[in-house]
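Everything on this sheet refers to the single structure shown next.
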Amino acid sequence: MQTIGLIGGMSWESTLLYYRIINQTVRDTLGGLHSARLLLHSVDFHEIETLQHAGHWDAAGEAMAAAARSLQAGGADFIVLCTNTMHKVADAITEATPLPLLHIADGTADALAAAGITRVGLLGTRFTMEQDFYRQRLEARGFEVITPNADERGQVHRIIYDELCKGVIGEDSRTTYRQIMAALAEAGAEGIILGCTEISLLVDHRDATVPLLDTTALHARAAALRALGG
């Protein structure tokens, strides 16, 4: 079994999900008392969030690179960045260490292809929905990506940072997400990417009329299977 290097803490609420899903996948695959070999470098998200909203992406990338180097030094075999938004600085990680980076958008694209979905809605932080680092990786695989309108993107972003990252799960916010997902489906989305690792804390398949692609679960399971050699 390979050792997984996790860069987490963005937020720790979703990093908990990674830890659980990875270990559940290893246990379900190998049976018995098996669990994953992994290392976790968990950052102070306050520092990272401040850099994000100030637009200091180079500094944020340096923080991710330092985390990756620490995982390499600890014996990790590959890197898993437990967040969608910070894949904006994925190049900083791949340039800092020779370890492979298991990119979160690639597993999502694989799941879209397996489901036969070609037009997909994308939810996430403003950075993920409005910038091209995530969308282009999907479009390069032939998928059409649509996002909510500007007001809805603001609501999705606010709920992530002000509530979900703090462990606050509100029924009003669930209703808001349901309405936004319904609008994406009406606009032709055949499925919807939960493109922030906290969103699955709030909604699941019962809240939408089209398939939801949970990037947290997809990424974590892919990490476990890669560690197991498959």
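The values are calculated or read from the model by the stated rules, or taken from the named source; none is laboratory data. The structure displayed is predicted, hence computed values, not measured ones. Glycine gets a Cβ as well: all are built from the backbone with ideal geometry, and neighbour counts include every protein chain shown. Heads up: the accessible areas ignore ligands, DNA and RNA and are worked out on the full protein's heavy atoms, side chains in. Shrake-Rupley method; radii C 1.70, N 1.55, O 1.52, S 1.80 Å.
Points worth noting:
- Residue (of 98, 70, 35) at the positive-pole extreme of the stretch 1-128, dipole from beta-carbon charges: 35
- Computed from backbone phi, the HN-Hα couplings of the stretch 64-72 come to 5, 5, 5, 5, 5, 5, 5, 5, 4 Hz, rounded to whole numbers (Karplus: 6.51 cos²θ - 1.76 cosθ + 1.60, θ = phi - 60°; Gly and Pro given as x).
- Anisotropy class of the stretch 1-44 from Cα gyration tensor, a/c 1.5 cut: oblate
- Prolate/oblate/rounded call for the stretch 3-137, Cα gyration tensor, a/c under 1.5 rounded: oblate
- A Cβ-based charge dipole, computed about the Cα centre of the chain with Lys and Arg at +1 and Asp and Glu at -1, lands at about 600 debye.
- Whole-percent carbon and sulfur share, accessible surface of the chain, 1.4 Å: 48
- Candidates 217, 150, 189: whichever shows maximal mean-square fluctuation once the chain is modelled as a Gaussian network with Cα springs under 10 Å: 150
- Relative contact order of the stretch 178-230, pairs being alpha-carbon contacts under 8 Å that are 6 or more residues apart, as %: 35
- Accessible area expressed per residue, the stretch 113-180, with surrounding protein chains retained (probe 1.4 Å, Å²): 47
- Excluding ligands, DNA and RNA, the accessible surface per residue across the stretch 15-69 is 58 Å² with a 1.4 Å probe.
- Residue (of 11, 51, 23) at the positive-pole extreme of the stretch 1-59, dipole from beta-carbon charges: 23
- Relative contact order (%) - the chain, alpha-carbon pairs under 8 angstrom, separation at least six: 25
- Centroid-to-centroid separation of the stretch 96-164 and the stretch 20-40 [C-alpha atoms, Å]: 27
- Measuring max minus min along each principal axis, the C-alpha atoms of the stretch 68-142 give extents of 41, 27, 17 Å (largest first).
- The relative contact order of the stretch 74-153 comes to 29 percent, based on Cα pairs under 8 Å that sit 6 or more residues apart.
- Cut-off under 5 Å, modelled amide H: who pairs with residue 6 long-range: 39, 40, 41, 80
- Global form of the stretch 160-230, assessed from the alpha-carbon gyration tensor, a/c cut-off 1.5: oblate
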